[in-house]
Each structure stands twice: as C-alpha cells, then as structure tokens.
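What follows draws every value from the coordinates through simple rules; no lab data is involved. Please read all numbers here as calculations on a predicted model, not as lab measurements. A quick note on method: Cβ atoms are made from the backbone with ideal geometry, for glycine too, and the neighbour counts reach across all protein chains shown.
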Amino acid sequence: MIRDIVMDPDPRLRMLCAPVLGVDAELIGDMFETMYGAMGRGLAAPQVGVMSRVFVMDATWKAGEASPMAFVNPEILWRSAEVQVNEEGCLSIPDRPVLVTRPARIEVMWLSESGAQRRGAFEGFEAACICHEMDHLDGVLILDHEAAA
Ligand code: NI
C-alpha cells in the first residue's frame, strides 16, 4: 500500500528514530511501493511517519535493473576519508536539490528484511544514498548540508 510521504517542514522529519525490535515486513513492503511510486531510489521510515530505524533503497531500478534492499537498525562501521560530492534530491523536499559531501566508501551493518544480520561495503551512489537515508533516521536533511557543500 502506498503511504503518504511526510513533507518538510513536518517536525517528524527532525526526530531521532528508535531501533526496532522486530522486522515489520508490511512496513517495508509499503515503503518500497511508496518509493517506487514516487520515483525515488531511497526512502526512510520517518518519511512515511514511522519513527523507526528502517530504510529502503534501490539504487539501480531507474536504469532498468531492480536491486531492492531493506536496512533495519543500520549502523555505519567505517567511513573513508576520501569524499564524494553529489547533487541529492529528497522525496520530502521536492524540486530542491542540494550539493552534499559524503564519504566515498562506507562499511555498514544492518538487519535484512528477513531479519538476517548483514554487513557490506558500498561506494559511489549507493554509499551516498545510504548516508542520506541514515541522516533521515537522525532527523538530518540535505538542507542541513547546504552550507557545508
Ligand atoms: Ni531524503
């Protein structure tokens, strides 16, 4: 089911999200549907009004190959000193792209949609997207990066 996307400046986008105890498959399914429906490549739970440390990402579907990934209770274990700068958009802040500096590579630990412990290394757009969605879980938006970019 497609859920309503919470728009800036809704205060829910500024809250710290709580770790979840169990994986909510219905929420994750709805988040994918909502993300694809809005032509996005990432969506965090607070963007549908759920204050949990959950996000979904599909970095490649717009290029014709789907790669859906759900991240529950994600943690960034390592960030490269090397950075990348990309123009980022956000479904909660339409038509307002911002240049954001992010680590070029990261290592992440999370629970998958099936509740399995996962660990992986990411680079390029995927790394930037994960950092963007992790920011959402801490109430941080791309607007906050604007001055630093
Ligand atoms: Ni966003």
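List of remarks:
- For q = 0.21, 0.26 Å⁻¹, Debye-computed log10 I/I(0) when each Cα of the range 55-141 counts as one equal scatterer: -1.12, -1.50
- Ordering of 52-59, 78-85 by packing [mean C-beta count within 10 Å, highest first]: 52-59, 78-85
- For the chain, a Gaussian network of Cα nodes joined below 10 Å ranks Met51, Met31, Met69 by mean-square fluctuation, and the top entry is Met69.
- Computed across the range 92-148, the Kirkwood radius stands at 12.7 Å (inverse of mean 1/r, all Cα pairs).
- Between Val85 and Glu33, the simple spin-label model (points 7 angstrom out along Cα→Cβ) gives 4.1 nm.
- The Rg/Rh ratio for the range 3-43, using Cα coordinates for both the radius of gyration and the Kirkwood hydrodynamic radius, is 0.99.
- Whole-angstrom gap from the range 66-101 to the range 1-40, using each part's C-alpha centre: 15
- Along each principal axis, Cα extent of the range 16-63, largest first, Å: 34, 20, 15
- Residues listed by number, the range 12-53, amide nitrogen under 16 Å from Leu143 label point at 7 Å toward C-beta: 12-16, 47
- Rounded if a/c under 1.5, otherwise prolate or oblate - the range 1-82, Cα gyration tensor axes: rounded
- Angstrom value of the Kirkwood radius, inverse mean 1/r, which spans all Cα pairs in the chain: 15.2
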